[in-house]
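Colleague: Can you read through this structure? Questions will come right after.
Any read-out appearing in this document is the output of simple, stated calculations on the displayed coordinates, not a laboratory observation. Keep in mind the model is a prediction, meaning the values are calculated, not measured.
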Amino acid sequence: MRHSACIAPLLVALFAMSEFAVAHCQVPCGIYGDQRRFEELLEDTDTIVKAITQIGELSDTHDANGHNQLSRWVATKEAHATNMQNMIGQYFLAQRVKPDAENYVEQLKAAHGVILAAMKCKQAADPATGEALRKAVHELYRAYTGNDPKLGRVEGEETVPAFICPMLCTAGQGKPGKCAVCAMSLVKSSTRMPHTHAKHSHE
């Protein structure tokens, strides 16, 4: 009973701390999913790019609903940029970028580049910041894996249209435009990296 009384508070504390381990457990468990993390970074980037587009479209609204939706997109942009910064710090820098790697400095620079690009997305609603963030993720992928990212297709998956409706009214198309159903501006579809087994992928 004495041991149980001592262990119980520790378990409660560990459970409370677990909500902050958004990127990985850091036990270390030795189980890593680098590919999934890069895909999550790009998914966050796509969301940020979409948020910037929506903020621009809603900036001329003068009603309560428009202002409400605009503020939600700003909050969404902020949250996803923060998520990317946490992913770089807690997963890549804390666990995966190794000081003895041949290109350690290049990996550090590329990781720092993603953090800075995400910060700039928080500070502005300029579409150029979103594209700069995407480029920074690609540069990190190159520095970390030594490979060029192949965009738009994952082995075993169908090719995704380059531009899709935010409400998924239509199948999408290969160029920017307006949805034929809801008239909303098409946004870039989720960009994915090639699936590889060069790193740990015990998912």
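Colleague: Calculate, in nm to one decimal, what Arg36 and Ala180 gain on full extension: separation in residues at 0.36 nm each, minus their alpha carbon distance.
Modeller: The span from Arg36 to Ala180 would gain 48.5 nm if fully extended.
Colleague: Reachable lysines from Lys77, Cα under 25 Å, same-chain residues fewer than 8 places away excluded?
Modeller: By straight Cα distance, Lys77 reaches Lys50, Lys109, Lys120, Lys122, Lys135, Lys175, Lys178, Lys188.
Colleague: Separate question: What's the extension gain from Asp63 to Lys98 if we count 0.36 nm per residue and subtract their Cα-Cα distance?
Modeller: Full extension of this stretch gives 7.4 nm more.
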